[in-house]
Structures are given as C-alpha cells and as structure tokens.
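**Student:** Would you mind keeping the following structure in view while I ask a few things?
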Amino acid sequence: MKICRPVQDMVFRCLADGCPDTCCAGWEIPVDEESAARWQKLPPEWRDRMVEATEWSSGERQLKRHHGRCVLLNERNLCELYAACGIDALCRTCHLHPRFVAEYGGLREIMPGLSCPAWAELYLMSDEKVTFITEESDELPAYNEIDASLFYRLKKAREKAFDLLQDRSIPLDKRIDALLALAEATDGVSERGDVPQSVLSAYIRKLRQLEILTPQWRELLQRSHPSVPQPWRETVGERLLIYYVFRFWLRGVYSGKVLPWAKLAVWSCISAFALAADCETREEFCEVIRLYSKEIEHNTENVDALYRVLCRHSGRYSVAGLLKAWEKIK
Ligand code: SF4
C-alpha cells in the first residue's frame, strides 16, 4: 500500500521526559486484541503487570488510569513498558500516538497531531510551504471497500485545495473563500445566503457546550480575547488549514459529502484564531492551537457534534456564516 505523510514528519522527535504534556494523560487508551495477546508472551513479571494494568470499560479493553494518567507512566512521564520491553511491546494506540492514521483503500495517510507540543512547535513555527511524500510499503491494505471514483475525485479536489491554500500572492481570506467554493462545487451545493449577527460569539458558545478535558481549556473559553496585531497570522493560518484539510477532507469518501469537512477545517481555524486573538507571541498562539487540537480534534464526540451542525446549509454554520465570522477576526 502507499503511505503519505508530511515531509516534516521525518524529523519529528518526541520530547520524552522533556514534554510539558504527555500522550498518556487525559485520554482513554484502548488496547487492541493483538497487543493483549502479545503481552501474554512477555516475561512473567510483565505479563502479570499488563493484566493488572488493563480493565474493561465502555465495552473495550483499556489501560487503567490513575488521576487521568496511564498507570504505566512513571514520575518522569516515561512509559515503563516501553523502557523495559521496547517499542514493539506497545499497543497499537501508543505505537501510533501522537500520529493519526487514516486509510482509504490502498492509501494510508499519517501525520502527528497538533496536540503534541513537539509537533505543534515543529509544524506551526515553520514558514515553509507544507509538502507531502508518498512511499510504497509491502503492507497489504486492510480495508478496500471504498467508492474508487469518489475517492479519486475528492483526492484531486484536495490537491487543488492545497495549491490554492498555499498561493501566497492572494490574501488568506480570499483563499478561505476559494477553499469553501471548491468544496461547494464538489458537493454541488451553495451556502451563500443571509446569516444572523453575532456569528463569532455563537461559535464560542458552541465550544463551551462541547466536552471539556482540561482546566486550561475551560479557562481559555471564559476569557475575552481583544485582538493584538500578529504579523505571522497568515502563515500560521495557512499551515493550520493545510493540516485540517489533510486531516478531514477525504473523510468525504465515507460520509459522501466533503463540504462539512472543509467547513470543519475552516471552523477550527476561526475558533483557534478567536481564542488566540490576544496572544502576543507566535509560541503562545501555537499553544492555543495545540489546546484546541487536544480538546476538539482528538475527541470523537466533539468532532461528531461539530460535523452535525456544519451539515446545515443555512444560518451561522453555513459557508456564509463562516466567512462572516472570519471577517470579524482577520
Ligand atoms: S505529546 Fe509529543 S512530545 Fe509529548 S510524550 Fe507524546 S509524542 Fe512525546
């Protein structure tokens, strides 16, 4: 199968015990059956420890957590299973994290998530245009039941989306408009009607209604955010949009619609920018985006809730609503 990922992934390195966060705090960690079976073959003390470290919750096997942290994390935030038995002992979730993986027939796409501080810094602090590499691997695709003609149509449209988003001769607001127009044309719909006032404050209210993981995020959602001029906003916005278009666009292969996913990419950019409006440095700005990624993008329920409202063709969550909100923060 083919593996596609951003070129920068080749130089990504985990911060290990220097990480200000950790992959293993706050989230549920499901364990796949293959890894659970492999743990049965570990040396006896580790085999028993892994039985103790897992439990059944919400219908799946998970690693236990203590105060939200995986029980295998030591006081230096390092995984004891990894340290004792090596990377091959990790379950699939931990082996992949912080990368997300999506498969479309014979194509696998991989990118580290912006919730990881090391990737957020590497990816968002760069001014380069984003490039992707595709390599062949010996692995066979696990799942091939996709509509091939829809897949190729969406993939071609996404290549166009990447080109137009990185055309720096055009201001970012025009590129966002063009991205949404491309998604509307791909789905054969138009969402350019009238929208109510106060779109942006409605978006912040929506964020407050979603599931909240960390106190930092709760605090950020309560603050008011007077805008501070930031010369690097266009570059960060461009890279953020590329990230979310890469992450979401091809999900249209499974849902049959690309426009709500394109809108989710833009909505994510608007939300992160609105919450980061008072940041004075690019580092602070990137930290807000990292928190957004951790709280929203990595939470399936939150993504599903947003997808549902972004399927609306009129009102605040239409294309016209998104463009009006962007006007407020640009
Ligand atoms: S969040 Fe990133 S830097 Fe931190 S432990 Fe995970 S991979 Fe390493």
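Bear in mind that the values in this text are calculations on the coordinates, not laboratory data. Computed from a predicted structure; not experimentally measured. FYI the Cβ positions are ideal-geometry reconstructions off the backbone, even for glycines, and counts take in every protein chain you see.
**Student:** Based on DSSP, what percent of beta bridges with both residues in the chain are antiparallel, to the nearest 5? Could you put the intermediate results ahead of the total?
**Tutor:** Working: 20 of 23 bridges.
In the chain, DSSP labels about 85 percent of beta bridges as antiparallel.
**Student:** Can you compute the charge dipole magnitude of the chain about its Cα centre, using +1 on each Lys and Arg Cβ and -1 on each Asp and Glu Cβ, nothing else charged? Give it in debye, rounded to the nearest 20. Don't jump to the answer; show the numbers that get you there.
**Tutor:** On the way: 45 positive and 49 negative charges, 194 e Å.
Result for the chain is approximately 940 debye, rounded to the nearest 20.
**Student:** Can you tell which of V253, S198, N302 lies farthest toward the positive end of the dipole of the chain, using +1 and -1 charges on the Cβ of basic and acidic side chains (Lys, Arg; Asp, Glu)?
**Tutor:** Value computed over the given set: S198.
**Student:** Taking every pair of Cα atoms in segment 191-269, average 1/r, invert it to obtain the Kirkwood radius, and report Rg/Rh to two decimals. The partial results should precede the final answer.
**Tutor:** Values: Rg = 15.0 Å, Rh = 15.0 Å.
My calculation puts Rg/Rh at 1.00.
**Student:** Looking at segment 1-144 from every direction and averaging, what is the projected area of its Cα convex hull in nm²?
**Tutor:** Numbers: hull surface 40.3 nm².
In nm², the orientation-averaged hull projection of segment 1-144 is 10.1.
**Student:** Pull up all non-local amide H partners of D147: gap of 5 or more, or a different chain, and H-to-H distance under 5 Å with H placed in the peptide plane.
**Tutor:** When sequence neighbours closer than 5 places are left aside, there are no close amide H contacts.
**Student:** Rounded to the nearest 20 Debye, what is the dipole magnitude of segment 138-262 about its Cα centre when Lys and Arg each give +1 and Asp and Glu each give -1 at the C-beta? It would help to have the intermediate numbers written out before the result.
**Tutor:** Working: 19 positive and 17 negative charges, 82 e Å.
Taking the Cα centre of segment 138-262 as origin, the dipole is about 400 debye.
**Student:** Next up: With θ set to phi - 60°, apply the Karplus curve 6.51 cos²θ - 1.76 cosθ + 1.60 along segment 3-11 and write out the HN-Hα couplings as whole Hz, x wherever there is a Gly or Pro.
**Tutor:** Working through the residues one at a time gives 10, 10, 7, x, 4, 5, 4, 5, 10 Hz.
**Student:** Could you work out [θ]222 nm for the chain from helices alone, using -39500 (n - 2.57) per DSSP H run of at least four and dividing by all its residues? Round to the nearest 500 deg cm²/dmol. The partial results should precede the final answer.
**Tutor:** Working: 15 runs with 159 residues, N = 330.
One gets -14500 deg cm²/dmol as the mean residue ellipticity at 222 nm.
**Student:** Rank by packing, highest mean first: peptides 91-103, 11-23, 285-297, with packing defined as the count of other Cβ atoms within 10 Å averaged across residues. Each step should come with its number before you reach the end.
**Tutor:** Values: 91-103: 17.2, 11-23: 14.2, 285-297: 22.9.
The packing order, highest mean first, is 285-297, 91-103, 11-23.
**Student:** Let me ask another. Run the numbers on segment 24-97 and let me know its relative contact order in percent, using alpha-carbon pairs under 8 Å that are six or more apart. If you can, show how the numbers build up before the last one.
**Tutor:** Details: 74 pairs, mean separation 28.0, N = 74.
In percent, rounded to a whole number, it is 38.
**Student:** Applying the Karplus parametrisation 6.51 cos²θ - 1.76 cosθ + 1.60 with θ = phi - 60° to the phi angles of segment 273-280, what ³J(HN,Hα) value in whole Hz is obtained for each residue in order, glycine and proline being reported as x?
**Tutor:** Calculated HN-Hα couplings, in order: 5, 5, 6, 9, 4, 9, 6, 9 Hz.
**Student:** Right, another one. Cα centroids of segment 19-78 and segment 188-262: how far apart, whole angstrom?
**Tutor:** Each part reduced to its Cα centre gives a spacing of 33 Å.
**Student:** Could you work out the mean projected area of the convex hull around the alpha carbons of the chain, in square nanometres to one decimal?
**Tutor:** Values: hull surface 69.9 nm².
Answer in nm², one decimal: 17.5.
**Student:** Now a separate question. Amide H of S57: which non-local residues (sequence gap of 5 or more, or other chain) have their own amide H closer than 5 Å, using H built in the peptide plane?
**Tutor:** Q62
**Student:** I'd like to compare 54-62, 271-279: which one has the highest average count of other Cβ atoms within 10 Å, and what's the full order after that?
**Tutor:** Values: 54-62: 12.7, 271-279: 21.6.
So the order, starting with the most tightly packed, is 271-279, 54-62.
**Student:** Place +1 on the Cβ of every Lys and Arg and -1 on the Cβ of every Asp and Glu in the chain, take the dipole about the Cα centre, and give the residue among P30, C269, L78 whose Cα lies farthest towards its positive end.
**Tutor:** My answer, from the dipole projection, is C269.
**Student:** Sequence gap at least 6, Cα distance under 8 Å: using those rules, report the relative contact order of segment 101-329 to the nearest whole percent.
**Tutor:** Numbers: 251 pairs, mean separation 69.4, N = 229.
Across segment 101-329, relative contact order equals 30 percent.
**Student:** Could you derive backbone 3J(HN,Hα) for segment 156-173 from the dihedral phi with the Karplus parameters 6.51, -1.76 and 1.60 (θ = phi - 60°), listing whole Hz in sequence and x where the residue is Gly or Pro?
**Tutor:** 5, 5, 5, 4, 5, 4, 4, 5, 6, 5, 9, 8, 6, 7, 10, x, 4, 5
**Student:** Which cross-chain or sequence-distant (5 or more) residues have an amide H under 5 Å from the amide H of R99, H modelled 1.01 Å from N in plane?
**Tutor:** Close amide H contacts, sequence-distant or interchain: G113.
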